[in-house]
Amino acid sequence: MYSIAVLGDRDSVLGFKALGLDTVFVEDVETARHELHRLARENCAIIYITEQLAKDLTADIAKYKDSLTPAVILIPGKTGSLGLGSSALQSAVERAVGADIA
């Protein structure tokens with residue numbers, strides 16, 4: 001059975017626990033890298049990751065870009081958005097449609 005997880009600092013992801021999502025608290029990039037790959041191996045269908053962590057994990061996240069699972073989705077952290085999530089979404093739409101529709 002597939003699961004949904006949220007990866008990030010405690011303050012940013014704790015609220016997702018109330019929604020029934022698996023929450024993984026990490027404070028450094030190496031731990032985040034390890035947890036991202038662990039979640040992918042353990043049949044996690046969707047992994048939400050804070051933009052603050054994702055900016056240092058671009059190569060790791062790119063490994064899953066064209067695979068069916070997991071879908072790695074960037075979300076703003078407690079310090080606000082860095083614009084990475086909307087940028088990634090724009091890029092995915094351009095790949096799917098074949099043109100910039102904005």
When restricted to I61, I46, the only residue at pLDDT 85 or above and closer than 16 Å to F16 by Cβ is I46
Being within 21 Å of L14 (Cα to Cα) and modelled with pLDDT under 85 is the requirement here; does L82 meet it? yes
Answer yes if at least one residue in segment 31-51 is in a helix (DSSP H, G or I), more than 25 Å from M1 (Cβ to Cβ) and open to solvent by less than 30 Å² (accessible area, probe 1.4 Å), and no otherwise. yes
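Could you list, in sequence order, the residues of segment 1-21 that are assigned to a strand (DSSP E or B) and more than 13 Å from the chain's Cα centre (by Cα)?
S3
The values are calculated or read from the model by the stated rules, or taken from the named source; none is laboratory data. Values in this document were obtained by computation on a predicted structure and should not be read as measured data. Cβ atoms come from the backbone with ideal geometry, glycine included; neighbour counts cover every protein chain shown. These area figures cover heavy atoms from the full protein model, side chains too; ligands, DNA and RNA do not enter into them. Shrake-Rupley method; radii C 1.70, N 1.55, O 1.52, S 1.80 Å.
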